[in-house]
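Novice: This is the structure I want to talk about, given as structure tokens.
The values are calculated or read from the model by the stated rules, or taken from the named source; none is laboratory data. All figures in this text were calculated on a predicted structure; none of them were measured in a lab. Glycine also receives a Cβ, built like all others from the backbone with ideal geometry; neighbour counts cover every protein chain displayed. Accessible surface areas use protein heavy atoms only, side chains included; no ligands, DNA or RNA. Shrake-Rupley method; radii C 1.70, N 1.55, O 1.52, S 1.80 Å.
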Number of protein chains: 2
Amino acid sequence: MSTGPSNTDPRILFGERLIQLRKQRGWSQERLSLESGVARSYLGGVERGKRNIALLNICRLAEALSVTPDELFRFGEDI
Amino acid sequence: MSTGPSNTDPRILFGERLIQLRKQRGWSQERLSLESGVARSYLGGVERGKRNIALLNICRLAEALSVTPDELFRFGEDI
């Protein structure tokens with residue numbers, strides 16, 4: 001716990017994790033938007049921790065990134 | 001994959017997993033509602049796969065159940 005981010009808002013943590021997994025694939029926001037069907041402007045808001053993203057879109061992003069949805073919730077892991 | 005539920009709608013899978021974790025604790029829907037602050041009627045809809053629950057409520061349920069949010073997404077695991 002003490003080694004995690006100081007901000008514990010799930011929206012922030014989720015956004016950070018999403019950025020990490022997207023960049024691991026070398027994808028732009030635009031690419032992830034195209035692959036997932038989630039609008040790019042919305043995706044930007046999710047990555048900035050501004051959006052309370054719901055289950056179906058979480059699973060769309062996971063599928064596009066070829067990860068299981070639970071991996072998007074492994075906050076603070078290297079990958 | 002072949003041993004999982006035939007219905008792959010994330011709302012169904014999430015609801016099934018939530019029921020599983022709630023029952024593991026021996027909790028009623030009412031108890032989980034009280035512990036999480038998520039309305040019981042809404043919770044019932046989530047468990048029946050009728051609701052597209054969002055990030056903040058997912059994390060509230062996980063915290064109430066004393067599990068990490070990613071555990072709610074480990075669909076098809078025994079516990």
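Novice: Tell me the total accessible area that B and A bury against each other, 1.4 angstrom probe, in square angstrom rounded to 100. Walk me through the numbers before you get to the answer.
Specialist: On the way: alone 5080 and 5110 Å², together 8730 Å².
Chains B and A together bury approximately 1500 Å².
Novice: Would you work out the charge dipole size for the protein assembly as shown about its Cα centre, treating the Cβ of every Lys and Arg as +1 and the Cβ of every Asp and Glu as -1, and quote it to the nearest 20 debye? If you can, show how the numbers build up before the last one.
Specialist: Working: 24 positive and 20 negative charges, 104 e Å.
It comes to approximately 500 debye.
Novice: Ordered shortest first, which distances in nm separate the 7 Å Cα→C-beta label point of A:Glu71 from those of the other copies?
Specialist: 2.2
Novice: Per-residue mean of other chain beta-carbon atoms within 10 angstrom of the beta-carbon, peptide A:9-22? Let's see the in-between values first.
Specialist: On the way: counts 3, 10, 4, 0, 3, 5, 1, 0, 0, 0, 0, 0, 0, 0.
Per-residue shielding by partner chains comes out at 2.
Novice: Let me ask something additional. What are the residues of the range A:49-75 that lose 10 Å² or more of accessible area, with a 1.4 Å probe, going from their chain alone to all protein chains?
Specialist: A:Asn52, A:Ile53, A:Ala54, A:Leu55, A:Leu56, A:Ile58, A:Cys59, A:Pro69, A:Asp70, A:Phe73, A:Arg74, A:Phe75
Novice: With viscosity set to 1.306 mPa s at 10 °C, what whole-number translational diffusion coefficient in µm²/s follows for chain A from Stokes-Einstein and a Kirkwood radius over Cα pairs? Don't skip to the answer; put the middle values down first.
Specialist: Working: Rh = 12.4 Å.
Result for D is 128 µm²/s.
Novice: Where the accessible area of the protein assembly as shown is counted over protein heavy atoms with a 1.4 Å probe, how much of it, in %, is carbon and sulfur? Please list the in-between numbers first.
Specialist: On the way: 3820 of 8730 Å².
Carbon with sulfur: 44 percent of the solvent-accessible area.
Novice: Accessible area per residue, 1.4 Å probe, Å², for chain A: what's the number? Let's see the in-between values first.
Specialist: On the way: 4380 Å² over 79 residues.
Per-residue accessible area for chain A comes out at 55 Å².
Novice: Kindly give the distances from A:Arg40 to its copy-mates, label point to label point, with each label point 7 Å from Cα along Cα→Cβ, as nm values to one decimal ordered shortest first.
Specialist: 4.8
Novice: Place the label 7 angstrom along Cα→C-beta at B:Gly26 and in each other copy, then list the distances from the first to the rest in nm, shortest first.
Specialist: Spacings between copies for this position, smallest first, are 5.4 nm.
Novice: Separate question: Work out the charge dipole of the protein assembly as shown with +1 on the Cβ of Lys and Arg and -1 on the Cβ of Asp and Glu about the Cα centre, then indicate which of A:Leu55, A:Leu21, B:Val67 is farthest towards its positive end.
Specialist: Going by the charge dipole, the pick is A:Leu55.
Novice: Estimate the FRET efficiency between A:Lys23 and B:Gln24 by the formula 1/(1 + (r/R0)^6), using the beta-carbon distance for r and 25 Å for R0, to the nearest 0.05. If you can, show how the numbers build up before the last one.
Specialist: On the way: r = 36 Å, r/R0 = 1.43.
The calculated FRET efficiency here is 0.10.
Novice: While we're looking at this one, here's another question. Determine the dipole magnitude for chain B: charges of +1 sit on the beta-carbon of Lys and Arg, -1 on that of Asp and Glu, nothing else is charged, the reference point is the Cα centre, and the result goes in debye to the nearest 20. Write out the running numbers ahead of the final one.
Specialist: Working: 12 positive and 10 negative charges, 60 e Å.
Dipole of chain B, to the nearest 20 debye: 280 debye.
Novice: Also, I was wondering about something else. May I ask for log10 I(q)/I(0) of the protein assembly as shown at q = 0.10, 0.11 Å⁻¹, from a Debye sum over the Cα atoms as equal point scatterers with solvent left out?
Specialist: -0.35, -0.43
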